[in-house]
Each structure stands twice: as structure tokens, then as C-alpha cells.
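First up is the structure itself, then whatever we jot down about it.
The values are calculated or read from the model by the stated rules, or taken from the named source; none is laboratory data. Just so we're clear, the structure is a prediction, and the values are computed from it rather than from any experiment. For neighbour counting, all protein chains shown are included, and Cβ atoms are generated from backbone atoms with ideal geometry for every residue, glycine included. SASA here: full protein model, heavy atoms, side chains in, ligands and nucleic acids out. Shrake-Rupley method; radii C 1.70, N 1.55, O 1.52, S 1.80 Å.
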Amino acid sequence: MTTNWWQDCVVYQIYPRSFQDSNGDGIGDILGIIQRLDYLQSLMIDAIWLSPIFLSPMADFGYDVSDYCTVDPVFGTEEDVLLLINEAHKRNIRVLFDMVLNHTSIEHPWFIESRQSRDNEKSNFYIWSDTIPNNWYAAFGGRAWTYDTNRKQYYLHSFLPQQPDLNWRNPKVVEAVFEQLAFWLDKGIDGFRLDVINCIIKDEALRNNPKIIGSRPRPYDMQRHIFDRNRPESHQKLKMMRKFIDKYDQRMLVGEILVEMPGEPELAASYLGLHHDELHLCFDFSLAYTRFSAARWKKVAKRWYEAVGKHRVPTWVLNNHDLPRIISRLHGNEEKARLAAMFLLTQRGAIFLYYGEELGLPNSKISRSAMHDPLGKRYWPFHPGRDPERGPMIWNTGEGNGFTTGESWLAFANAANRYSVENQELETESMLQFYRRLLALRKEDEVLRNGLCTFVDTTNTHILAYCREIEADQRLIVLNMSAKQITCSIPMLQVKDMQCEIMFATDGVRPEQIESPHAITIGGYQGRIYRLVDNR
Ligand code: TEU
Ligand code: CA
């Protein structure tokens with residue numbers, strides 16, 4: 001039914017610094033990722049997304065790029081990238097790069113030239129002002145304007161002063177950026193994750209953002225961001241980018257849309273374009289910000305499906321390099337985490353996993369003195385920093401946990417023997433094997449990948465139940481998101497005289513067992529996937 005791989009893919013995000021080190025410097029790299037491609041293939045994922053690997057002074061660990069067409073030596077070489085693409089493609093794994101196009105590094109030649117004078121070729125590549133023109137703040141602290149002693153003007157930076165924002169109103173900037181994309185597309189990259197892509201256009205008049213009443217630790221959160229992001233013209237730029245990338249075969253753009261917590265799904269969906277002529281996919285983090293409960297998850301998921309609509313493709317994500325890991329958000333409750341995985345992997349659309357998620361890997365414990373992340377350094381303890389979710393992968397319980405033969409750049413999560421790939425490979429009931437079974441089921445079941453999703457009412461509000469269907473081929477997913485055993489019925493199915501044949505269960509109930517929708521009994525924090533059999 002699907003024509004494009006990205007409509008029902010599973011993408012595995014890799015934070016390259018923390019996945020596999022191949023040369024003993026304690027920092028993950030591209031040759032390390034290549035070493036682990038067989039493992040990734042065993043997860044039956046369709047693509048990997050690498051957080052930035054480009055030349056960078058690492059002020060924001062790669063999200064400050066000084067050359068988009070050069071691989072940072074800490075990660076490897078262009079040859080390593082070409083080998084990665086080749087070896088990944090041999091295993092039917094596509095490769096996505098993370099393009100940070102709202103801003104560059106302060107060490108990018110474009111900025112170095114731009115700050116030289118007001119009349120050089122790059123002078124209008126960034127956003128300069130004689131004075132601080134408005135009340136805008138930077139997301140990582142302080143005002144969003146910094147004075148440059150050389151050019152004797154202020155420049156705008158939505159994040160760190162080391163991350164000056166590009167002026168996307170300048171057609172030369174758009175042209176130059178598209179050249180960076182073409183550089184990697186011509187080498188076989190399958191697409192891009194686009195960092196804070198809704199921030200690329202600012203209000204031409206640089207008007208003040210309206211203030212928000214109340215108090216929050218970050219001044220950035222005390223404004224409604226209507227003039228420093230989400231400007232109407234950004235959609236025109238994305239239409240151009242879509243046209244540009246669709247000249248290549250089967251490439252994809254997934255956008256990170258920076259929004260107010262706990263999420264703005266309608267705003268995020270708007271970047272897909274009314275006629276789906278902007279981003280192929282975009283992230284909405286509402287689910288990741290929503291407390292674990294059947295009623296809340298149902299509400300958030302329905303709102304996202306409605307915002308995206310049947311003719312476009314939603315993404316589903318619970319973890320990434322900016323969010324505390326879900327198992328830690330669930331206070332180590334693995335049963336809840338398994339239900340969350342079951343929910344994620346039985347949704348329609350594109351699914352995004354984060355390295356270690358398949359192991360139930362928790363956050364690393366990072367002391368203030370050991371912190372690397374600029375956001376954490378600035379706002380600790382209000383913001384714990386993002387280092388905890390960037391702890392290295394645990395491959396085994398040997399020296400350096402199989403991640404490095406050197407000194408790891410960041411602490412590992414505790415209890416390596418519990419989370420190591422090596423140990424979990426041996427335990428049939430491990431989180432890893434659980435993810436593998438779910439991923440295999442999704443891979444072989446078109447209905448679970450592309451079937452329309454309808455949430456169904458049951459007689460108990462702690463039960464989250466939804467149907468997936470392609471014409472008459474139907475599935476029912478029932479998740480008990482409470483600690484207690486529940487017996488419930490599903491009126492909608494009773495009317496239709498359906499029978500429920502178990503395909504998958506967390507509580508070891510054997511498949512093919514038939515249950516009637518009149519009375520489904522399910523244990524606390526347990527879930528089932530049923531094939532619906534029409535008795536009429
Ligand atoms: O993140 C945007 C961003 O600011 C948030 O995700 C933020 O990190 C989060 O709200 C904190 O809780 C993107 C990248 O994902 C992030 O890693 C970069 O630091 C940031 O942009 C700047 O490029
Ligand atoms: Ca290394």
C-alpha cells in the first residue's frame with residue numbers, strides 16, 4: 001500500500017559520541033557505528049539518524065557547525081562516511097544526517113567573513129543590528145543579541161552566542177544551504193533531520209515577543225515566541241527545500257519543530273504543508289511530555305492524528321538526545337516502559353527510537369562538576385542538563401562496557417550487567433528481545449504499519465484501546481496502564497460480533513488464544529495485540 005519508505009519506517013537515532021568508539025579515545029565515532037551495523041540490522045530498523053558529525057568547536061556538541069561538508073576528525077573522515085553509507089545500504093538501512101540550518105558555529109567561514117565588515121559578500125548572511133532591537137532571549141541563557149567588537153554591531157543567536165543565526169531572508173543564504181544538502185545527497189545520504197527548522201525566519205521588523213505572566217527559571221520561557229520563530233515565510237522556504245530534495249529519488253526531510261511545552265501538535269503539523277508539499281515528516285513531542293496514563297495518552301495521540309490527518313504521516317517519538325530517557329521518567333518501571341514501547345510500535349506512521357531505548361537503558365547519573373551540556377551548566381538545577389540521556393551504549397560488561405578501550409567521555413548508566421546488549425541477547429524475556437519481537441511483528445504486519453488508527457472506548461478508563469485497520473483486516477491493541485488487573489469489555493466490538501485472536505502479549509498469554517470482546521481480562525501494566533476475527 002505504501003509507496004514511500006518514510007511513511008511507515010522505524011528510524012534509530014544515534015548520538016555518535018556515545019554509540020561505539022573505535023580508536024580508544026573514549027568518544028564514539030563513525031567506524032564504531034560501522035562495527036555495529038549487524039546489530040542494527042538485527043533490530044529490523046529501516047534507517048539510522050546521526051546527530052551532527054560535521055566540523056564543530058563543539059560548544060553545543062556538534063549543533064554548532066563550522067563546516068557542513070567536512071566530517072569532524074573526532075568522528076572520522078568523509079571516507080568513513082562513504083563506507084558507512086555503503087555498508088548500511090547493503091543491510092537495507094538508510095542513513096539520515098542532522099542538518100543544523102537555523103544557525104552555524106561562530107567559527108564558520110561565513111560568520112568569520114560576515115563580522116569583518118558591513119559590505120562584504122557574507123555581511124548579510126547573519127542578522128545584525130546597531131542596537132539591541134527587541135526583548136528576545138536566547139534558549140540557552142541571556143539576551144539573544146551579542147555585540148561583536150569587530151563589526152561594532154549586535155548579531156542574533158537563538159541559542160548560544162557561539163551559534164549565530166543565519167539570515168534566511170537572504171536568497172544567497174538559501175542557495176548556499178541547498179549546496180550543503182546537495183553535497184551529501186550526491187553521496188547517497190537518504191535524508192535529513194532538520195534542527196529547529198521553524199526558527200529559520202524571524203519577523204522582518206524584529207518586533208518584541210509578548211510577555212507571559214508568571215515566573216519560570218528561563219527568561220526564554222517568559223515570552224510567547226511569535227516573532228522569533230514560526231513566521232509565515234518559513235513555509236515558503238520549506239516548499240523550496242521540498243522541491244529541491246524531491247529532485248532526488250526517495251529522500252526524506254524530518255523537521256524538529258521547537259514549540260512550547262507540553263507541545264503544539266497543530267503548529268508542528270502545519271510544517272508538513274496543507275498539500276504535504278513541505279516537510280515529509282515532523283516531530284511533535286507532546287507524548288514524550290505527557291504523564292503515563294491511558295486517558296492522557298489517548299487525548300494526546302488523538303489530537304496528533306487529527307492535526308496530521310489521514311493524508312499525511314505522523315511521527316511517534318518518546319526519547320531523543322534532548323529528553324530524559326523514558327525509563328528514568330517512569331522511575332525505572334520496566335513494565336510501564338514495555339507498554340510505552342508497545343504503544344509506540346503499534347502506531348500508524350514513522351517511529352523514532354533512540355539508541356539504548358531498546359535496552360531500557362536509563363539516564364546516566366552526571367554530577368554538576370562532570371557536566372558537559374551548556375544548557376545544564378547554565379540552568380542547573382532547574383534544568384538537569386542533557387548529558388544524562390547521552391550516556392554511552394552498554395554492549396557488554398567488560399572493560400569500557402564494550403563501548404571504548406579508553407576513558408569514556410561521559411559516565412555510563414549504573415548496573416551495566418542489567419542493560420548490556422550481551423546479557424540481554426541471552427535472556428528471552430529481556431527488553432531487547434521484547435523490542436525485537438515487536439519490531440518483527442510490525443515489519444511483517446502491514447495493518448500495524450499503515451492501517452488507520454481509531455481509539456475505542458472500553459468500560460474502564462485505565463485501559464487504552466485502539467483499532468488499526470486496512471479495509472476488513474483489523475487489529476485491536478489493548479493496554480492496561482494501571483497497576484491492577486482489569487476485566488473490561490469493548491462495546492464497539494460486541495456490536496460487530498468480533499472475536500479477538502491474540503497475536504502478541506506482554507504477559508506470556510499464548511498467541512492464537514481466542515478472547516471475546518465481552519470480557520477481556522488483562523494484568524496490571526500488561527498489553528495485548530489482537531487480530532480481529534469477524535464471526536458473521
Ligand atoms: O533542540 C532544540 C531545543 O532547544 C530543545 O530541544 C531543548 O534542547 C530542549 O527543550 C531542552 O529541554 C535542538 C537540538 O535538538 C539540540 O540538541 C540543540 O542543542 C539545539 O537545537 C540547538 O541547535
Ligand atoms: Ca573515537
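Using the eigenvalues of the Cα gyration tensor, what equivalent ellipsoid semi-axes result for segment 209-314 when each is taken as the square root of five times the eigenvalue, whole Å, largest first? Before the final figure, lay out each step's value.
Numbers: eigenvalues 141, 81, 21 Å².
Value: 27, 20, 10 Å, ordered largest first.
Can you give me the C-alpha center-to-center distance between segment 470-490 and segment 359-433, rounded to a whole angstrom?
34
Can you compute the charge dipole magnitude of the chain about its Cα centre, using +1 on each Lys and Arg Cβ and -1 on each Asp and Glu Cβ, nothing else charged? Give it in debye, rounded to the nearest 20.
Numbers: 62 positive and 69 negative charges, 376 e Å.
Charge dipole, the chain, about its Cα centre: 1800 debye, nearest 20.
Using label points projected 7 Å from each Cα along Cα→Cβ, tell me how many nm separate residue 417 and residue 405, to one decimal.
Simple spin-label model gives 2.5 nm for this pair.
With unit charges on the beta carbons (Lys and Arg positive, Asp and Glu negative) and the dipole taken about the Cα centre of segment 245-289, which residue among 257, 279, 268 sits farthest to the positive side?
In segment 245-289, that residue is 279.
Given a Förster distance of 25 Å, report the FRET efficiency between residue 521 and residue 310 from their Cβ-Cβ distance, rounded to the nearest 0.05.
Numbers: r = 33 Å, r/R0 = 1.33.
Calculated value: 0.15.
Equivalent ellipsoid semi-axes for the chain, as square roots of 5 times the alpha carbon gyration tensor eigenvalues: give them largest first, rounded to whole Å. Don't jump to the answer; show the numbers that get you there.
On the way: eigenvalues 321, 138, 101 Å².
The answer is 40, 26, 22 Å, longest axis first.
For segment 106-145, give the magnitude of the charge dipole about the Cα centre (Cβ charges: +1 Lys/Arg, -1 Asp/Glu; no others), in debye to the nearest 20.
Values: 4 positive and 5 negative charges, 31 e Å.
That gives segment 106-145 a dipole magnitude of about 160 debye.
Under a point spin-label approximation (7 Å from Cα along Cα-to-Cβ), what is the residue 499-residue 372 distance to one decimal in nm?
That separation, rounded to one decimal, is 5.6 nm.
Can you check what the net charge comes to around residue 374, using other residues whose Cβ is under 11 Å from the Cβ of residue 374 (Lys, Arg +1; Asp, Glu -1)? Working shown, then result.
Working: positive: 377, 378, 386; negative: 60, 64, 373, 387.
Computed value for this residue: -1.
Evaluate segment 176-260: find the radius of gyration of its Cα atoms, find its Kirkwood radius, and give the ratio Rg to Rh. Each step should come with its number before you reach the end.
Values: Rg = 16.2 Å, Rh = 14.8 Å.
Reported Rg/Rh (Cα atoms, Kirkwood Rh): 1.09.
Students often check this: by mean Cβ neighbours within 10 Å, which of 76-89, 518-531, 11-24 ranks highest, and how do the rest follow? Before the final figure, lay out the partial values.
On the way: 76-89: 16.6, 518-531: 19.8, 11-24: 22.4.
Per-residue mean Cβ counts within 10 Å order the peptides as 11-24, 518-531, 76-89.
Suppose R0 equals 25 Å. What FRET efficiency, 1/(1 + (r/R0)^6) with r the Cβ-Cβ distance, do residue 143 and residue 212 give to the nearest 0.05?
On the way: r = 17 Å, r/R0 = 0.68.
So the FRET efficiency works out to roughly 0.90.
Quick one, could you list the DSSP H helices from the chain stretching 30 Å or more along their long axis (Cα atoms) with average Kyte-Doolittle hydropathy of 0.0 or above?
Span-like helices here: none at all.
Kirkwood hydrodynamic radius for segment 1-110: how many Å is it when counted over pairs of different Cα atoms?
Numbers: mean 1/r = 0.0687 Å⁻¹.
After inverting the pairwise mean of 1/r, the radius is 14.6 Å.
Using all alpha carbons of segment 291-384, what is the percent of pairwise distances in each 5 Å bin, ordered from the shortest bin to the longest?
2, 11, 20, 20, 17, 13, 10, 5, 1, 0
Leaving ligands, DNA and RNA out of it, report the carbon-plus-sulfur percent of the accessible area of the chain at a 1.4 Å probe.
On the way: 10460 of 20450 Å².
Accessible surface attributable to carbon and sulfur in the chain totals 51 percent.
Please sort by residue number the chymotrypsin sites (Phe, Trp or Tyr not before Pro) in segment 270-304 whose DSSP state is loop and whose Cβ has at most 14 other Cβ atoms within 10 Å.
Numbers: sites: 271, 283, 285, 289, 292, 297, 304; in loops: 271, 285, 289, 292.
Answer by residue number: 289.
For the pairs 239/310; 152/172; 365/443; 90/443; 202/365, note any where the Cα-Cα span goes beyond 28 Å.
Details: 239/310 21 Å; 152/172 23 Å; 365/443 35 Å; 90/443 18 Å; 202/365 38 Å.
Cα-Cα > 28 Å for 365/443; 202/365; rest within.
Quick one: which of 430-442, 155-167 comes out on top by average Cβ neighbours within 10 Å, and what's the full order, highest first?
Numbers: 430-442: 19.1, 155-167: 23.8.
The most tightly packed comes first, giving 155-167, 430-442.
Report the full-extension gain for the segment residue 91 to residue 295: residue separation times 0.36 nm, less the Cα-Cα distance, to one decimal in nm. Write out the running numbers ahead of the final one.
Numbers: separation 204, 0.36 × 204 = 73.44 nm, distance 3.97 nm.
Roughly 69.5 nm would be gained on extension.
Tell me, what is the FRET efficiency for residue 5 and residue 152 to the nearest 0.05, using R0 = 35 angstrom and their Cβ-Cβ distance as r?
Details: r = 51 Å, r/R0 = 1.44.
Once the sixth-power term is evaluated, E becomes 0.10.
Mind listing the Cα extents of segment 53-154 along all three principal axes, in Å, largest one first?
Over segment 53-154, Cα extents along the principal axes are 54, 28, 20 Å.
Taking +1 at the Cβ of each Lys and Arg and -1 at the Cβ of each Asp and Glu, which of 56, 391, 20 sits farthest along the dipole of the chain towards its positive end, judged by Cα position relative to the Cα centre?
391
Quick one: P(r) of segment 237-294 from all Cα-Cα pairs, 5 Å bins, percents rounded to integers, in order of increasing distance.
4, 19, 25, 19, 13, 10, 6, 3, 1
Under the √(5λ) rule applied to the eigenvalues of the Cα gyration tensor, what semi-axes describe the equivalent ellipsoid of segment 382-536? Give them in Å, descending.
Working: eigenvalues 299, 57, 45 Å².
Value: 39, 17, 15 Å, ordered largest first.
Sketch the reach of a paramagnetic label on residue 39 as a point 7 Å from Cα along Cα-to-Cβ, and name the residues of segment 334-373 whose backbone nitrogen lies under 13 Å away.
Label zone hits: 355-361.
Per residue, how much accessible area does the chain have with a 1.4 Å probe, in Å²? Can you show the working numbers first?
Working: 20450 Å² over 536 residues.
For the chain, the solvent-accessible area averages 38 Å² per residue.
In whole Hz, with x marking every Gly and Pro, tabulate ³J(HN,Hα) for segment 381-391 from phi via Karplus 6.51 cos²θ - 1.76 cosθ + 1.60, θ = phi - 60°.
Per-residue couplings from phi come out as x, 5, 10, x, x, 9, 4, x, 7, 10, x Hz.
From the helices alone, meaning DSSP H stretches of at least four residues, give me the mean residue ellipticity at 222 nm for the chain, per-run term -39500 (n - 2.57), in deg cm²/dmol to the nearest 500.
The helix-only estimate for the chain comes to -7000 deg cm²/dmol at 222 nm.
Treating only the Cβ of Lys, Arg, Asp and Glu as charged (+1, +1, -1, -1), what charge dipole size does segment 1-47 show about its Cα centre? Round to the nearest 20 debye.
The calculation lands at about 40 debye.
For the charge dipole of segment 366-517, defined by +1 on Lys and Arg C-beta atoms and -1 on Asp and Glu C-beta atoms about the Cα centroid, which residue among 371, 466, 448 has the Cα displaced farthest towards the positive pole?
371
Under a point spin-label approximation (7 Å from Cα along Cα-to-Cβ), what is the residue 23-residue 77 distance to one decimal in nm?
Distance between label points: 0.9 nm.
From the mean inverse distance of alpha carbon pairs (Kirkwood) and the Cα radius of gyration, derive Rg over Rh for segment 65-117.
Values: Rg = 14.7 Å, Rh = 13.1 Å.
Using Cα coordinates only, the ratio equals 1.12.
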